Amino acid sequence: MSVKEIQVGSAKAAPGRIGQGYLKVGELAMNAELRVPVMIVNGRQDGPVLWLNGAVHGDELNAFMAIRNVCGAVATDDLAGALVCTPVCNPLAVQWRNKINPYDFLDLDQQFPGKADGQYSQRTAYALFKEMQEVADYLISFHTVGTSFAAEPYSVYKFAPGLSPQMCESIEAMALAFGVRLNCRVDLSSAVGEVPGGVGGALDVNCSRAGIPAFMAEVGSGGRFQPEAIAIAEAGIRHVMAHLGMAAPVTAEKADQMIVTKRGFLYSDYAGFFEGKVQPGEKASKNAVIGNVVDLFADIGVIRAPSDAYILMSRQEPVLHVGDRVAFLGLEWIAA
Ligand SMILES: [Zn+2]
């Protein structure tokens, strides 16, 4: 809780003030210091510290603009608690315009809580997580889907084994408060293999384990600024701030919310050029055409929905190899 001075790296803000600075996360040859820009908006009134983190994957940038806009618009006199913002937390990956950083080929969102004497990404995770543990009461980890895909903004929240029912309740309430229509509840004890790669090192999972309720907001697609997704992310931050008692409630209407309880990728059995037939957010019936695969000479194949499904993410890139993802599907759901 704040009313007190908050410091993260060289950024420092007394109650009622805004602080800007940098958190050092690494060093490169040729005297280059790697720094994450940090913005602290410290309210005059008592309240929780909400940490807004983005670009843990370096090509996922919509939240940068949403966070920047919220910081620019919040009046510290009206704010209870504080925002701590690190919307560009993986500088090398951003520089490379890629999900991962080019020096150790590690996914930063699989490295938390980090390692002080490890590889570059592990040290970055360590430097960030140490500060988060010291100051954050709540955290939102902003992502987008990959550059080859489109998605309607959705939330993802994970229940790690061993979390208390109160913690799970708090995570779910915050994720739903974000206000988007599709919300994915991932119970890590039963959702093994739902996404490739480990989720044990994910930022949101490690925050929740450390007593900081956290969730992921997937806001649009990577590699670009999308005004609509940015506006939804901005509204989502304001909804969460209101939910945590940091700001007055936002009047904007919230969508009818669904909780997706089972997800799965749809992979291609065909190679050729993909012509997508569904929009993200849409509900597809079993056997509905997700897309056609063609080459110059023939129709190669039709990819269909394996069951009734919500389209969380749909392929936009035409070039398609066998085994490529064509969609990420919500396979089971309940009303929130
Ligand atoms: Zn991501």
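The values are calculated or read from the model by the stated rules, or taken from the named source; none is laboratory data. Nothing here was measured: the structure is a model prediction, and the numbers come from that model. Quick reminder, even Gly has a Cβ in these numbers, built from the backbone with ideal geometry, and neighbours come from all protein chains shown. Please note that ligands, DNA and RNA were not included when accessible areas were found on the heavy atoms of the full protein model with its side chains. Shrake-Rupley method; radii C 1.70, N 1.55, O 1.52, S 1.80 Å.
Among Lys99/Lys254; Lys99/Lys130; Lys4/Lys130, which pairs are too far apart, with a Cα-Cα distance over 28 Å? Intermediate results must be reported in sequence, preceding the final value.
Numbers: Lys99/Lys254 31 Å; Lys99/Lys130 23 Å; Lys4/Lys130 19 Å.
In this structure, Lys99/Lys254 exceed 28 Å between Cα atoms.
With a sphere of radius 10 Å drawn around the Cβ of Tyr267, what net charge do the other residues whose Cβ falls strictly inside it have (Lys, Arg +1; Asp, Glu -1)? Before the final figure, lay out the partial values.
Working: positive: Arg325; negative: Asp269, Asp324.
Here the count lands on -1.
Return the carbon/sulfur percentage of the accessible area of the chain, one whole number, probe 1.4 Å, all protein chains in place. Don't skip to the answer; put the middle values down first.
Values: 7310 of 14610 Å².
C and S fraction of accessible area: 50 percent.
With all protein chains present and a 1.4 Å probe, how do Phe178, Phe265 order by accessible area, largest first?
Values: Phe178 5, Phe265 40 Å².
Sorted by accessible area, descending: Phe265, Phe178.
Cross-link candidates for Lys158: which lysines have Cα within less than 19 Å, leaving aside residues fewer than 8 places away along the same chain?
Correct list for Lys158: Lys262.
Kindly work out what percent of the DSSP beta bridges joining two residues of the chain are antiparallel, to the nearest 5. List each step's numbers first, then the result.
Details: 49 of 74 bridges.
Given both bridge residues lie in the chain, the antiparallel proportion sits at roughly 65 percent.
Return one whole number: the accessible area per residue of the chain in Å², for a 1.4 Å probe.
Counting only protein heavy atoms, the per-residue value for the chain is 43 Å².
Considering only DSSP states other than H, G, I, E and B, which trypsin sites (Lys or Arg not before Pro) in segment 185-244 qualify as loop sites with at most 14 other Cβ atoms within 10 Å? Working shown, then result.
Working: sites: Arg185, Arg209, Arg224, Arg238; in loops: Arg224.
Passing sites in segment 185-244 are Arg224.
Order Trp96, Trp333, Trp51, most accessible first, counting only protein heavy atoms with a 1.4 angstrom probe. Working shown, then result.
Values: Trp96 110, Trp333 65, Trp51 0 Å².
From most exposed to least exposed: Trp96, Trp333, Trp51.
Treat each spin label as a single point 7 Å out from the Cα along the C-beta direction, and report the Thr251 to Asp77 distance in nm.
The two pseudo-label positions are separated by 2.1 nm.
Just to confirm a number: summing +1 for Lys and Arg and -1 for Asp and Glu over residues other than Val38 whose beta-carbon lies under 15 angstrom from that of Val38, what do you get?
+2
Need one number: nm distance between label points at Glu282 and Glu169, each 7 Å from Cα along Cα→Cβ, rounded to one decimal.
Roughly 4.0 nm, to one decimal.
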